[in-house]
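Accompanying notes for the structure given below.
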Amino acid sequence: MSPTTTHLLRSSRHLLRPQFPSPTRALAARSFTTSRPHASRLRQPGEPTGPNEPPSHISAPQSKSPLKVWPILAIFALGSFLFKKLVDQQKEQAAFKPQGPISVTMPAISNLGATTRTSPLWSPDKVTVIFVLGGPGAGKGTQCAKIVSDYGFKHLSAGDLLREEQDRPGSEFGEMIKTYIKEGTIVPMEVTVQLLENAMKASIEGGNEKGLFLIDGFPRKLDQAHAFERTVVPSAFTLFFDCSEAVMEERLLQRGKTSGRADDNMESIKKRFRVFVETSMPVVNEMEEKGKVVKVNAERGPDEVYEDVKKSFAERGVQPI
Ligand code: UP5
Ligand code: MG
């Protein structure tokens, strides 16, 4: 028990003990002894209990005895003490309240370095980036796999990197990424740009000396496009796979039977389509205005689509290895 508690308990015990002034103490003692002889028979209603007590129908004069004040003071003191303890306890609990998901993740995101630079990490002479865009299920991943084997590019899918980070044990972004992907919305760009930069560095250090990258499913929002080109490297151009929603929906539902992807279901697919039109198409449009878009019809079979890809690469001066 703390010294304060001990002290308070001691004072409350002191408060509870009746401290009669001596004449009152004598009176109380006398009342007790003088009422004893009457205790042997039943008192009649209204009969005084002792010689000093008036009958009950005569109202007693207001007592000024401290006997009635001390218990009230004692209760008040104890009450204040308990109230103070309760307030202190609540203050303590508030101080150690665990932080919610937003206050935990957001400062960490704002501390990510990639998007805070004022100039690009690499020059486009040293590192070649081709953005690969298209609606969900347009065939970006399928075509990238073909390009890699013929052209020697390193394929980095922003979606795959996010899913890897989501599943990485101990990731502070895992839960957040999971929610964004399920809802088909765009993960805050600081996370995605940082993941891409890390993967590009690792690839260059691991032997991708030419620095050739296909960045698939990115940028899907204007802020991502601007941040990446400002702080990582300006892109060479964007390869855009043009496909109708009906075709994409059929492909995704088919893939959903075995993919295990949390967003390959009708509800998520609809949301992804909407986000693509509202958020990602403005990126394609802006790139097009700059003359940096290569559009390919993606509604045909994979090989036919790839033939067109090869032609457009040749037109842009990109040669197979
Ligand atoms: N298929 C492919 N081509 C075909 C063809 N020509 N004919 C017939 N079938 C074809 O293909 C999809 C399916 O279609 C496959 O079964 C394939 O065999 C068949 P795929 O090549 O996988 O298409 P792809 O365009 O890559 O579809 P994907 O579903 O991967 O596209 P999304 O853009 O939706 O997915 P991504 O992984 O890029 O992103 C997922 C989520 O991550 C986003 O919704 C978002 O929440 C998040 N995200 C961000 O937040 N930020 C980012 O920067 C990126 C992603
Ligand atoms: Mg893909």
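FYI, it's all coordinate maths here, none of it is from the lab. Everything numeric in this text was worked out from a predicted model, so none of it was measured. So basically every Cβ, Gly included, is an ideal-geometry build from the backbone, and we count neighbours across all protein chains shown.
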Under 19 Å Cα-Cα from LYS85, which lysines qualify once same-chain neighbours fewer than 8 residues away are excluded? LYS97
Restraint check, LYS146/LYS182; LYS178/LYS270; LYS126/LYS154; LYS126/LYS310; LYS140/LYS270, Cα-Cα greater than 25 Å: LYS146/LYS182
Give me the extension gain from THR116 to ARG300: residue separation times 0.36 nm, minus the current Cα-Cα distance, reported in nm with one decimal. 62.1 nm
Between GLU315 and SER149, what is the FRET efficiency for a Förster distance of 22 Å, r being their Cβ-Cβ separation, to the nearest 0.05? 0.60
Projected label distance in nm at GLU205 and ARG168, using a 7 Å step from Cα toward the beta-carbon: 1.3
Can you list the aspartates and glutamates whose alpha carbon sits under 15 Å from that of LYS84, skipping same-chain ones fewer than 8 residues off? GLU92
